[in-house]
Ligand code: GAR
């Protein structure tokens, strides 16, 4: 199994979906580290309960010094022997340092059908724009925020009476399917092309 890290900042429901997938004997990944940049991320407790190695490297005390924080994160990833990094609700914009260190080996899940609605408040913006389809994307992380090559997408309908909250819940269900499935395909393709 390929050792992966999951980076979170909050609830960690996508992390939980990945934990469940990794628990299957035939799944190609195992979780070497769950890392949070916030001590109050509720997902960290979920990871601990699952018996996984966890680490908190707080970004707040370092303020604007993004590089100092990322150097600590990178050291933790290397120490854990991680092959691929999965951002799962990791609410930090990365600098070219960390992006470069994990080029082609860092995935992110984003709650929209990219390239539509990069950034925040995607569900609200999709409703306001009158979209009839919305969804989520798993992509490789590059220097441009939410811009990397798309690895997988899942769609949901937008109903006329949808609230951002209701739409978010519908998309989130798809995220929990899409992320484990896309990661598995990514790892298998990588292994094939490395042969
Ligand atoms: C998810 O909807 C994820 O797509 C989104 O944050 C949520 C995290 O939920 N990510 C972003 O907006 C990235 N910019 P989770 O902590 O329960 O997985």
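The values are calculated or read from the model by the stated rules, or taken from the named source; none is laboratory data. Nothing here was measured: the structure is a model prediction, and the numbers come from that model. Cβ placement follows ideal geometry from the backbone for every residue including glycine, while neighbour counts extend to all protein chains displayed.
Would you check if residue 151 is assigned to a loop (DSSP other than H, G, I, E, B) and either farther than 12 Å from residue 168 by Cβ or within 11 Å of the ligand (Cβ to nearest atom) (or both)?
no
Within region 96-117, track down each residue that is farther than 22 Å from residue 194 by Cα, in contact (Cβ under 8 Å) with a residue 24 or more places away in the chain and more than 16 Å from the chain's Cα centre (by Cα).
96, 97, 115
Taking region 44-61 only, how many residues are modelled with pLDDT under 95 and surrounded by 12 or more Cβ atoms within 10 Å (Cβ to Cβ)?
The number of residues fulfilling the criteria is 1.
Find all pairs meeting these conditions: Cβ atoms under 8 angstrom apart; at least six residues apart or on different chains; first residue within region 118-143 and part of a loop (DSSP other than H, G, I, E, B); second residue near the ligand (Cβ under 9 Å from one of its atoms).
Once the first residue is part of a loop (DSSP other than H, G, I, E, B) and sits in region 118-143, its partners that are near the ligand (Cβ under 9 Å from one of its atoms) give 118/110; 118/112; 118/145; 118/146; 119/145; 119/146; 141/87; 141/108.
Quick one: which strands (runs of 3 or more DSSP E) sit completely within region 1-82 and have at least 1 residues that are closer than 22 Å to residue 178 by Cβ?
Result: 2-8, 29-36.
Quick check: anything in region 173-189 more than 13 Å from the ligand (Cβ to nearest atom) and outside any helix (DSSP H, G or I)?
No.
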